[in-house]
Amino acid sequence: MDGQLIVIEGLDGCGKSTQLERLKNKYGDKARFISFPNYDSASGEIIKQYLTDGFHEENSMTGCYTAAGFYAIDRYISYKTDWEKDYKDGRLIVAARYTSSNAIYQMAKLPKEQWDGFLDWLTDHEFVKFAIPKPALTVFLDMPTEISQQLLSGRYDGDEQKKDIHEKNVAFLQSCRSAAMYAAEKQGWVILPCSADGKPLSVEEVGEKLEKIIEEKIKI
């Protein structure tokens, strides 16, 4: 019997990696933990080139679907070479980022009237054509863009040049948040607010809320 896949999703700077580490400490050997993209793979090298604007794609339609292809291939390679056996053996898999990232970051490049078409294409492309596992639960860590920008600046010690092409484009990230809210409603993601009164919640507060959501939805 196949396992279950939980995805922790969110925009840059929302704390996905931190929460993944918290879940590792809580669940330990009860789950397998993975993260995307895999920058150490051959496909990851293509993604790194893309994120440093190596392809200079100006056509939003072309850029949307080609970039989605890069990330989808990275997930496919990771699944087939790393965690497929664990999943098919019934193990719980917890991922930071997944197909949902394509929905957020690539859909935001398109006019809103094309979003449904992109979501349909993406679902078919990754879950049917590539046949990678479909998540049992996707939790979107919702951090307002202005707060996440402050957190990213802190991560890079104020050096804005260290941000990739997505991280430094505030207007694009705001569009990504709108795309995320749309995809969450369409695809049944759980939205977890990560701020209150213009300030980020503590790692512990977010972690406790996340654990509660997981334990209500998934048998561990």
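The values are calculated or read from the model by the stated rules, or taken from the named source; none is laboratory data. Bear in mind that the values here come from a model prediction, so they are computed numbers and not experimental data. Methodologically, a virtual Cβ is constructed for each residue, glycine included, from the backbone with ideal geometry; neighbour enumeration extends over all protein chains shown. Calculation scope for accessible area: heavy atoms of the full protein, side chains included, ligands and nucleic acids excluded. Shrake-Rupley method; radii C 1.70, N 1.55, O 1.52, S 1.80 Å.
Among the criteria (1) modelled with pLDDT of 95 or more; (2) under 18 Å from the mean Cα position of the chain (by Cα); (3) in a helix (DSSP H, G or I), the one Leu141 does not fulfil is (3).
Quick one: is Glu45 charged (D, E, K, R), open to solvent by less than 80 Å² (accessible area, probe 1.4 Å), more than 29 Å from Pro144 (Cα to Cα) and out of contact with any strand residue (DSSP E or B) (no Cβ under 8 Å at 6 or more places or on another chain)? When the stated conditions are applied, Glu45 does not pass them. Tell me which residues, restricted to segment 16-48, are farther than 25 Å from Lys212 by Cβ and touching a residue at least 12 places away in the same chain (Cβ under 8 Å). Hits for segment 16-48 are Pro37, Asn38, Ser41, Ala42, Ser43, Gly44, Ile46, Ile47. Consider segment 1-20 and keep the residues that are among the aliphatic types (A, V, I, L, M) and in contact with a strand residue (DSSP E or B) (Cβ under 7 Å, 6 or more places away or on another chain). The one that is surrounded by the fewest Cβ atoms within 10 Å (Cβ to Cβ) is Leu20. For segment 88-102, the set of residues classified as closer than 13 Å to Arg75 by Cβ, open to solvent by less than 10 Å² (accessible area, probe 1.4 Å) and of a type outside the set (S, T, N, Q) consists of Ile93, Ala95, Ala96, Tyr98, listed by residue number.
Residue-wise test of (1) closer than 16 Å to Ile6 by Cα; (2) touching a Lys or Arg at 6+ places or on another chain (Cβ under 8 Å); (3) not small (Gly, Ala, Ser).
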position: Ile47; (1), (2), (3): no, no, yes
position: Cys64; (1), (2), (3): no, yes, yes
position: Phe70; (1), (2), (3): no, no, yes
position: Ile93; (1), (2), (3): yes, yes, yes
position: Ala108; (1), (2), (3): no, no, no
position: Lys112; (1), (2), (3): no, no, yes
position: His125; (1), (2), (3): no, no, yes
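Here Glu146 meets the list (1) open to solvent by 80 Å² or more (accessible area, probe 1.4 Å); (2) of a type in the set (Asp, Glu); (3) modelled with pLDDT of 85 or more almost entirely, failing just condition (3).
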